[in-house]
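J.: To start, I am sharing the structure in question, which I have written as structure tokens.
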Amino acid sequence: MRHRNLAQFLRFATLLLVLILMQISCGGHSSKGSDTSSFNSAQDICNCVEQEPASSDYRTVAKHVDLPQIPASDINVATVLGWPVGADPASDAPRQGRELLIFHIANAFLQLVWLNPGDCDLHLEISDSPDKNAQRIIVETPHNNSYCGQRRALAQALAARGITISNTGLELATPVAVDVVGMAFQDFNHSRGSPKVATPWELHPAVVTVK
């Protein structure tokens, strides 16, 4: 009887040890800093890892700069849509002309949000009205350390409205009112975002605040 009880105890102890090891194996790995598919309260959007080298990004040096401490000009989305579009700048062209200025859009509506997995910049599409058919422009917040606080604040504000930022892109069912401050930037003509984007002019870099 004693031997049989000992054998049963050993089988139970072995099974318990296996279960504990399985639990550690499943739950002990942290993906923080490597998962760019989506972010939630347990993750940090500042820890996104770029999937493409900076050298492959169009005008990457010109785009990934801090906002200069100069006065901003108040405009709206229609203003950007009306800027004349010249020839595509060279792939390494520095900022020039309008691109050296800062603009402020006090009243806009966020229509789409996407975390670009290539460079980890936040791609945001805004319009002058909440109409889903309204023309849009792109504004982007770079993955620079200096924008980390603004990226976190935006992710948290959208999460509070049930909106999760992901690298698959999300068309918002109900557009969100936002305030935007950023520098003009001319991208090259190519398929960019949703079909509602109507100009290669962007605000990039830009800071977007939910109102």
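Computed from the coordinates by the stated procedures, all read-outs in this text should not be read as laboratory data. Predicted model, so just to flag it, every value in this text is computed and none were measured. No Cβ is skipped: glycine too gets one built from the backbone with ideal geometry, and neighbour counts run over all protein chains shown.
J.: Take Asp119, Asp131, Asp74, Asp57 and order them by how many other Cβ atoms sit within 10 Å, fewest up front. Can you show the working numbers first?
T.: Numbers: Asp119 22, Asp131 12, Asp74 9, Asp57 17.
With the fewest neighbours first, Asp119, Asp131, Asp74, Asp57 line up as Asp74, Asp131, Asp57, Asp119.
J.: For Arg98 and Asn133, compute 0.36 nm times the residue count separating them, minus their Cα-Cα distance, and round to one decimal in nm. Kindly include the intermediate steps, with their values, before the conclusion.
T.: Details: separation 35, 0.36 × 35 = 12.60 nm, distance 2.77 nm.
Fully extending the segment from Arg98 to Asn133 adds 9.8 nm.
J.: Let me ask you something else. Once you have a ≥ b ≥ c as the square roots of the Cα gyration tensor eigenvalues for the stretch 56-202, tell me rounded if a/c is under 1.5, and otherwise prolate or oblate according to whether a/b is larger than b/c. Kindly include the intermediate steps, with their values, before the conclusion.
T.: Numbers: a/c = 1.39, a/b = 1.25, b/c = 1.11.
Note, shape of the stretch 56-202 comes out rounded.
J.: Here's another thing I want to ask about it. Can you give me the Cα centroid spacing of the stretch 81-97 and the stretch 118-134 in angstrom?
T.: 20 Å
J.: Which of rounded, prolate or oblate describes the stretch 115-211 when judged by the alpha-carbon gyration tensor and an a/c cut-off of 1.5?
T.: rounded
J.: Considering only the stretch 58-155, what is the antiparallel percent among its DSSP beta bridges, to the nearest 5? Provide the component values of the computation, followed by the final result.
T.: Values: 11 of 15 bridges.
DSSP beta bridges in the stretch 58-155 are roughly 75 percent antiparallel.
J.: Output wanted: per-residue J couplings in Hz (rounded whole) for the stretch 85-102, from phi through Karplus 6.51 cos²θ - 1.76 cosθ + 1.60, θ = phi - 60°, x for Gly and Pro.
T.: Using θ = phi - 60°, the values come out as 10, x, 5, 4, x, 4, 5, 10, 5, x, 5, 7, x, 4, 5, 8, 9, 10 Hz.
J.: On to the next question. Under 14 Å between alpha carbons, and skipping anything fewer than 8 positions from Lys211 in its own chain: which aspartates and glutamates qualify?
T.: Cross-link targets: Asp179.
J.: Taking R0 as 22 Å, what's the FRET efficiency between Cys148 and His190 from their Cβ-Cβ distance, rounded to 0.05?
T.: Working: r = 29 Å, r/R0 = 1.30.
So, using R0 = 22 Å, E works out to roughly 0.15.
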